[in-house]
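Note sheet for the following structure.
The values are calculated or read from the model by the stated rules, or taken from the named source; none is laboratory data. Note that the structure is a prediction, hence the values are computed from the model and not measured. Glycine also receives a Cβ, built like all others from the backbone with ideal geometry; neighbour counts cover every protein chain displayed.
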Amino acid sequence: MNSYVNMGVGAFLGTVFVLMTVSIASEGIFHSETPEKEGFAIVAEEGTADTGGGAAAEVEVDIKPLLATADASAGAAVFKKCASCHTADKGGANKVGPNLWGVVDRPIASHEGFSYSAGMKTFAEANKTWTYDHLSFFIEAPKKHVPGTAMGFAGVKKPDERANLIAWLREQADSPVALPDASAAAAPAAEAPAAAEGEAAQPAAESDAAQPAADGNAAQPAPEGAAEQPAANGTAPATEGAAEQPAANGEAETPATETAPAQ
């Protein structure tokens with residue numbers, strides 16, 4: 001019996017010895033020294049809070065103009081992404097999220113029987129109802145629009161899909177809320193660039209108008225009037241040089257050489 005134990009222990013020790021030998025030999029053969037100076041260091045740029053970790057800042061899209069042409073039937077397909085956590089039928093049960101029947105323009109964090117997160121309750125204090133804009137921003141990025149919300153949904157990033165989904169949710173109500181006026185929503189966005197261009201163009205126009213006035217004051221020397229005076233009286237100057245000389249000096253053209261001819 002002792003011989004079997006001795007054989008087992010010997011086999012174990014022999015295996016450990018072989019493994020250690022192979023490890024030491026491999027390290028000696030393939031070992032590479034760490035260079036004193038890196039050939040090329042790659043430094044990742046740290047993003048700021050404004051840029052979201054170095055990524056380009058996302059521009060929030062106004063959903064109201066898109067709702068005018070949204071397809072509610074296509075929104076039903078988009079809602080499948082939400083169906084695991086929400087119901088949208090009248091009297092439907094609360095799941096991970098509250099029932100969404102009549103959610104458009106409904107007071108925020110108000111559905112009966114659902115326990116809302118602290119972040120959503122805080123958001124409801126400053127924003128009373130689920131307007132089209134709030135729904136769009138929240139569906140796009142829940143945790144960005146409502147910090148502290150328990151909703152772990154990644155969001156619907158495409159504006160047209162969000163418009164279709166909101167159009168479908170609007171119809172899930174006893175009295176659907178009226179769609180926003182798309183022309184009124186687009187007007188402020190169109191007027192803002194025009195106003196900015198007008199303000200930028202006005203100083204240039206004033207400066208252009210002022211420049212000729214300044215040049216005009218400098219471009220009205222007395223010699224012009226003096227040069228025209230002899231022509232008005234019908235008297236020609238004695239010589240061209242005599243007429244041009246007073247104009248150059250800026251004096252009235254009354255040359256001393258213009259005397260009555262000898263009788």
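Condition check: modelled with pLDDT under 80, surrounded by 10 or more Cβ atoms within 10 Å (Cβ to Cβ) and part of a loop (DSSP other than H, G, I, E, B). Does Glu33 satisfy that? No; evaluated as a whole, the condition is false for this residue.
One residue stands out among those in region 105-128 that are in a loop (DSSP other than H, G, I, E, B) and either charged (D, E, K, R) or touching a residue at least 40 places away in the same chain (Cβ under 8 Å) (or both): the one that is surrounded by the fewest Cβ atoms within 10 Å (Cβ to Cβ), which is Glu112. When you check Thr69 against the structure, is it modelled with pLDDT of 85 or more and either more than 24 Å from Val177 (Cα to Cα) or out of contact with any helix residue (DSSP H, G or I) (no Cβ under 9 Å at 6 or more places or on another chain) (or both), yes or no? Answer is no for this residue.
When restricted to residues that are surrounded by 18 or more Cβ atoms within 10 Å (Cβ to Cβ) and among the β-branched types (Val, Ile, Thr), region 68-90 contains 2. Of all the residues that make up region 126-168, how many are under 22 Å from Ala74 (Cα atoms) and out of contact with any helix residue (DSSP H, G or I) (no Cβ under 7 Å at 6 or more places or on another chain)? Result for region 126-168: 8.
If the condition is being surrounded by fewer than 18 Cβ atoms within 10 Å (Cβ to Cβ), modelled with pLDDT of 90 or more and charged (D, E, K, R), then region 162-192 contributes Glu171, Asp174.
So that you can scan it fast, the table gives a plain yes or no per residue for (1) assigned to a loop (DSSP other than H, G, I, E, B); (2) at pLDDT below 90; (3) within 30 Å of Val177 (Cα to Cα):
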site: Asn6; (1), (2), (3): no, yes, no
site: Ala11; (1), (2), (3): no, yes, no
site: Ile24; (1), (2), (3): no, yes, no
site: Glu38; (1), (2), (3): yes, yes, no
site: Glu45; (1), (2), (3): yes, yes, no
site: Ala49; (1), (2), (3): yes, yes, no
site: Gly52; (1), (2), (3): yes, yes, no
site: Glu60; (1), (2), (3): yes, yes, yes
